1. I need a count of the residues in the stretch 184-209 that are within 14 Å of ligand 1 (Cβ to nearest atom), open to solvent by less than 20 Å² (accessible area, probe 1.4 Å) and in contact (Cβ under 8 Å) with a residue 24 or more places away in the chain.
2. Report yes if some residue within the stretch 107-121 is assigned to a loop (DSSP other than H, G, I, E, B) and within 15 Å of ligand 1 (Cβ to nearest atom); otherwise report no.
3. Considering only residues that are more than 15 Å from ligand 1 (Cβ to nearest atom), surrounded by 18 or more Cβ atoms within 10 Å (Cβ to Cβ) and over 17 Å from GLY112 (Cα atoms), which ones fall in the stretch 63-96?
4. Looking only at the stretch 1-46, count how many residues are more than 22 Å from GLU174 (Cβ to Cβ) and either part of a loop (DSSP other than H, G, I, E, B) or at pLDDT below 95 (or both).
5. Return the residues of the stretch 122-151 that are farther than 22 Å from ARG5 by Cα and within 13 Å of ligand 1 (Cβ to nearest atom); say none if nothing qualifies.
6. Somewhere in the stretch 128-141, is a residue open to solvent by 10 Å² or more (accessible area, probe 1.4 Å), within 14 Å of ligand 2 (Cβ to nearest atom), free of Cβ contacts under 8 Å to residues at least 60 places away in the same chain and on the phi < 0 side of the Ramachandran plot?
7. Mind checking which pairs have a first residue in the stretch 64-78 that is among the acidic types (Asp, Glu) and a second that is part of a strand (DSSP E or B) and surrounded by fewer than 24 Cβ atoms within 10 Å (Cβ to Cβ), Cβ under 9 Å, 6 or more apart or different chains?
8. So for the stretch 162-171 (the condition being of a type in the set (Lys, Arg) and within 19 Å of THR92 (Cα to Cα)), does at least one residue qualify?
Amino acid sequence: MSFDRKIKIAPSILSADFANFGQEIQAIEAQGADWVHVDVMDGHFVPNLTFGPPAVKAFRPHVKTVMDVHLMITPVDPYIDAYAEAGADILTAHVEAGPHIHRTLQAIRAAGMKAGVALNPGTPAEAVEHVLDLADLVCVMTVNPGFGGQKFIDMTAKIRRLRQMIGDRPVHIEIDGGVDPGTAPLVAEAGADVLVAGSAVFKGGSVSAPEVYGQNMRAIRAAVEGVLV
Ligand SMILES: O=C(CO)[C@H](O)[C@H](O)COP(=O)(O)O
Ligand SMILES: [Fe+2]
């Protein structure tokens, strides 16, 4: 996985058909997804439950691009090796999930994955300032984590501040929550290069009508065309 700052679309399979993950992943990739975003929720850090390492391992053979695993769990550290074994390419932990994000990011890299750190809407950019050398990705939540289909919360000032703090380090800025053709240009102009989108990609489509996923992704790409990050 090489570093580039081109805009990437990472559909969140939280909005996919839960009885049909393999085909859903194949469909979004065939329709142009750059990464596949996998939301892990524990019913404790966030008020919702999704799946754990065995499910992520089952997704792995279907993902030909990049499997981007967003952990909304606490604690994180006891599960890092399990997600490495499950085949995550990027493992993102929330800075709010424990007192030792520095150690967590080190452990994620030591397990052979790229390390991401996520910030809730109420958390300032400065919370990750001292771990930027240990991070490959900063995920800025533009909803309160836990559910798909929520309304976008404007975090453009935080994104700009992070882009400034990151400087020339090879660190992605990923935006997660409420991204659609209307909000994508705002975050791209502010400096984001990875756009997670669940409901905006999956709406109206299915594995029998996968071209709708392609249309939805093209609508997001068209909205950010010409924006330099
Ligand atoms: O982490 C998440 C929620 O906690 C999801 O990735 C996010 O909500 C994507 O869904 P949508 O694009 O529908 O907002
Ligand atoms: Fe997510």
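1. 10
2. yes
3. The answer is VAL63, and nothing else.
4. The number of residues fulfilling the criteria is 6.
5. VAL143, ASN144, PRO145, GLY146, PHE147, GLY148, GLY149, GLN150, LYS151
6. no
7. ASP68/LYS114; ASP68/LEU137
8. Yes, the conditions are met somewhere in the stretch 162-171.
The values are calculated or read from the model by the stated rules, or taken from the named source; none is laboratory data. Computed from a prediction, not measured in an experiment: that's the story for all the values here. FYI the Cβ positions are ideal-geometry reconstructions off the backbone, even for glycines, and counts take in every protein chain you see. These area figures cover heavy atoms from the full protein model, side chains too; ligands, DNA and RNA do not enter into them. Shrake-Rupley method; radii C 1.70, N 1.55, O 1.52, S 1.80 Å.
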